[in-house]
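Scroll down for the structure; my scribbles are underneath it.
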């Protein structure tokens, strides 16, 4: 009955619970969406050289009588998934940890074609990387990018990837939660949580909505026993898109700031504000925020028209806005609604360079 409702939704008809009409062959299915989206999902095979400590170096006897290196390099192979987002230029979005320490990469499409791939750039803070397919790129199929700000808990989603090296696999589920943080991954967190199975090898693959649009890049799971337990995470495509734009243009991500420290609303504030907003705790003197007229205690409710759910979300938006970019903020002060335009300045921390420049 659920799938029947899905088909009705896709057809623009009212969603009604109904039993599949087996006699007439009208069986609800996700196959049309799968056929449309899977050609854009690729397998990525990476060769990398990693450094490991030499265990013999710890032994004083071996150090004294043998010329032993403290570390040695070895080549490792890894596999993951990626998504073609620009067929003409051959750009593939994937997870950073799939291509970390990359020395070479081969991308295989659903129809079996193999491409050498060049690393355009990667961003460990968001776990996003961009590859570019080399050579003739005729008849590639890209996937349309959706709007991850418009998805909601309970929406149906499909995860596509290459788990365990088995070949392309499709799983389905729902959006279980939004704005997940604190997963132990350093950097910028605003994960989509889903119960669609995401297993080893799915990383970098597509999380797709029922419009056949890409809404997330699969990145992590919680797996106490080493297998899938129905708790997977994806980087929202709106965040991945901002990272990709900077990586393609400059090969690096330049972090921005407006000179504020922020925190989530208190329980009383959240009840009053409808769980929407982030409070400004401090403002740096002479910062872009101060120049725009913001003050300590202001509650930021929306940025560029998008509602703010948490301090982490606001931090992500500011941190991923190119330096010199402008953000339109809507905020509340003493019960009154105000607006301000803030220009993003450079963050104090070092920028993340493209891997090839390191």
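Values quoted throughout were computed directly from the atomic coordinates according to the rules given, and no laboratory measurement underlies them. Computed from a predicted structure; not experimentally measured. Positions of Cβ are backbone-derived with ideal geometry, glycine not excepted, and every protein chain shown enters the neighbour counts.
Quick check on the exposure proxy: order 266, 47 from fewest to most C-beta atoms within 10 angstrom. Numbers along the way, then the final one.
Numbers: 266 11, 47 14.
Fewest-to-most Cβ neighbours within 10 Å comes out as 266, 47.
What FRET efficiency, computed as 1/(1 + (r/R0)^6) with R0 = 51 Å and r the Cβ-Cβ distance, is obtained for residue 271 and residue 245, rounded to the nearest 0.05? Computed FRET efficiency for residue 271 and residue 245: 0.85.
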